[in-house]
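Colleague: I'd like to ask some things about the structure below.
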Amino acid sequence: MNEHGERGLGRVSALPCSLSFVSPSKCLPCDQESWCLVKRNEGAVRDCGGPFGVVQAVGLPYLESYGQGGGVDDWKVEWNRSGACRRTVMRLWDQVDGLEKYHPVHCYKPWCPTCGGFKGKIHNKRFSRALDYIGDADNVMLRQFVFTVPPEIRSFFEDTKGCNALFNMAKRVIKKYFDGKSSLAYLHYHGDKDVNELHPHINVHVIEPKYSIGLLSADRLDAIKETWLKALRHYTGQKGMTIADLYYSFRQGKGKVIHAIRYMSKPMMTIKRDGNWIVPDEFELGEEMAKKIVAMKGFKFLRMWGPKREIEIEDCDEIDSSRYVFLGTVTMEELQDDAIKRRCRIKEGSDGFLEFEKIV
């Protein structure tokens, strides 16, 4: 960044491993330096009245803190990490523009008010990568399959091992009937209306030319359903299972294609209520489901299958290490203090880098 607060735009692919999060603000009611589970937005009064209790998270380097614990409440520590979102900022040297730039570290937790939710950080990244993969949305048709799991066997697919197996089963079915086609695949972990309802299912968009025939014959659909049912039987050992629902539709037209991808790429803990997408708070989320969601950490919910390349999208900040040199970290509070002295305001650009605007 130069003396005028200017910087070029940069595309950002792996986090530097030496980041450290700073100590949080003190909880005003109890005077403990603890992350608040209820009011964790920047500038909010910290309150320790969360239903999952307060977990200490003071002074540990970011990656080192992931190695702490070993107790029965480790999931609470992980849940609490969203309190550190955007509080640490990476200082990066742009070797192309010759400028120092700043990029906040995001937690990428689905329950985080910044990263989670409809059109939050996670959602926007997945949506953008999916659109990049299909190319011109006006020139494609999407075959949309929803591979569901009967309630009696959903417990087989409540962890990362089971969900990876679910992805692989759906992939084999798609390859059998649409070999040579590129596809987008998304995991939805719970229902759209109840975040506590375990409902893992795989959504697949098979990418076709715009004017392809969308309808599939009844015989072809029955064959696809039977293949899916056999895959579930084989994995779970439930040989007597006779029903496994699979839903098919197709999307043609730029608006419908974009709408379908935006819906499918939403993160966990995004549910619809009164016509609006919301992230339920900790009081609504049951402890059992909270543990399951935390245990999905690092899982790749968006995957791209194709004859030429296969990609699994990771929910994290991406920094192009061939372009940017990591210089260290500063706190957001330090940057804000500096901006005030220089009569600037800070905002986050669409590329994730911070921008300094002069206050006139």
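Colleague: How many residues are charged (D, E, K, R), assigned to a strand (DSSP E or B) and within 30 Å of Gly135 (Cβ to Cβ) if we restrict to segment 322-355?
Modeller: Number of matching residues: 2.
Colleague: Could you look through segment 157-204, keep only residues that are in contact with a Gly (Cβ under 9 Å, 6 or more places away or on another chain) and in a strand (DSSP E or B), and pick out the one that is farthest from Gly117 (Cα to Cα)?
Modeller: Checked segment 157-204; the qualifying residue farthest from Gly117 (Cα to Cα) is Ser183.
Colleague: Moving on. State all residues of segment 317-360 that are out of contact with any Asp or Glu (no Cβ under 8 Å at 6 or more places or on another chain), among the acidic types (Asp, Glu) and within 29 Å of Arg126 (Cβ to Cβ); if no residue qualifies, say none.
Modeller: The answer is Asp317, Glu318, Asp320, Asp351, Glu357.
Colleague: Name, by its number, the condition in (1) surrounded by 14 or more Cβ atoms within 10 Å (Cβ to Cβ); (2) among the β-branched types (Val, Ile, Thr); (3) in contact with a helix residue (DSSP H, G or I) (Cβ under 8 Å, 6 or more places away or on another chain) that does not hold for Ile174.
Modeller: (3)
Colleague: Next question, about the same structure. Any idea which of (1) assigned to a loop (DSSP other than H, G, I, E, B); (2) crowded, with 17+ Cβ neighbours inside 10 Å is the one Arg251 doesn't satisfy?
Modeller: For Arg251, the failing item is (1).
Colleague: Scan segment 121-132 and report the pairs whose first residue is crowded, with 17+ Cβ neighbours inside 10 Å and whose second residue is part of a helix (DSSP H, G or I), with Cβ atoms within less than 7 Å and a gap of 6+ or a chain change.
Modeller: Cβ pairs passing all conditions: Phe127/Ile261; Phe127/Arg262; Ala130/Ile261; Leu131/Ala137; Leu131/Ile261.
Colleague: Another question, if that's okay. If you take the residues in segment 219-248 that are part of a loop (DSSP other than H, G, I, E, B) and of a type in the set (D, E, K, R), which one is farthest from His199 (Cα to Cα)?
Modeller: Going through the qualifying residues, I end up with Lys239.
Colleague: If you don't mind, another one. State all residues of segment 285-309 that are in a loop (DSSP other than H, G, I, E, B) and loosely packed, with under 14 Cβ neighbours inside 10 Å; if no residue qualifies, say none.
Modeller: Within segment 285-309, Gly286, Gly298, Pro307, Lys308, Arg309 qualify.
Colleague: Then there is this: Specify the residue that is nearest to Val140 (Cα to Cα); the eligible residues are those in segment 254-284 that are assigned to a strand (DSSP E or B) and basic (Lys, Arg).
Modeller: Applying the filter and picking the extreme gives Lys272.
Colleague: Oh, and also: If you check Arg220, Arg233, Arg262, which single one turns out to be farther than 29 Å from His123 by Cβ and surrounded by 15 or more Cβ atoms within 10 Å (Cβ to Cβ)?
Modeller: Matching residue, one of Arg220, Arg233, Arg262: Arg233.
Colleague: Evaluate segment 119-138: report whether one residue or more is more than 12 Å from the chain's Cα centre (by Cα) and not in a helix (DSSP H, G or I).
Modeller: Taking every residue of segment 119-138 in turn, at least one turns out to be more than 12 Å from the chain's Cα centre (by Cα) and not in a helix (DSSP H, G or I).
Colleague: Mind counting the residues in segment 72-87 that are closer than 20 Å to Lys347 by Cα and either of a type in the set (D, E, K, R) or within 15 Å of the chain's Cα centre (by Cα) (or both)?
Modeller: 4
Colleague: If you scan segment 307-346, which residues turn out to be modelled with pLDDT of 90 or more, in contact with a Leu (Cβ under 8 Å, 6 or more places away or on another chain) and of a type in the set (D, E, K, R)?
Modeller: Matches in segment 307-346: Glu312 only.
Colleague: For residues in segment 149-170 being under 28 Å from Leu215 (Cα atoms) and surrounded by fewer than 18 Cβ atoms within 10 Å (Cβ to Cβ), which is farthest from the chain's Cα centre (by Cα)?
Modeller: Looking at the filtered set, the residue picked out is Pro150.
Colleague: Now, a different point. Suppose we filter segment 271-321 for residues that are under 18 Å from Ser128 (Cα atoms) and within 18 Å of the chain's Cα centre (by Cα); how many remain?
Modeller: So the count comes out to 14.
Colleague: Tell me, which residue of segment 88-114 that is surrounded by fewer than 19 Cβ atoms within 10 Å (Cβ to Cβ) and outside any strand (DSSP E or B) is farthest from the chain's Cα centre (by Cα)?
Modeller: Gly98
Colleague: OK, next. Among the listed residues Gly191, Gly162, Gly120, which satisfies the condition of being farther than 15 Å from His259 by Cα and in contact with an Asp or Glu (Cβ under 6 Å, 6 or more places away or on another chain)?
Modeller: Every option except Gly191 fails the conditions.
The values are calculated or read from the model by the stated rules, or taken from the named source; none is laboratory data. This structure is a prediction, so every number in the text was calculated from the model and none was measured. We place every Cβ from the backbone using ideal geometry, glycine too, and count neighbours over all the protein chains shown.
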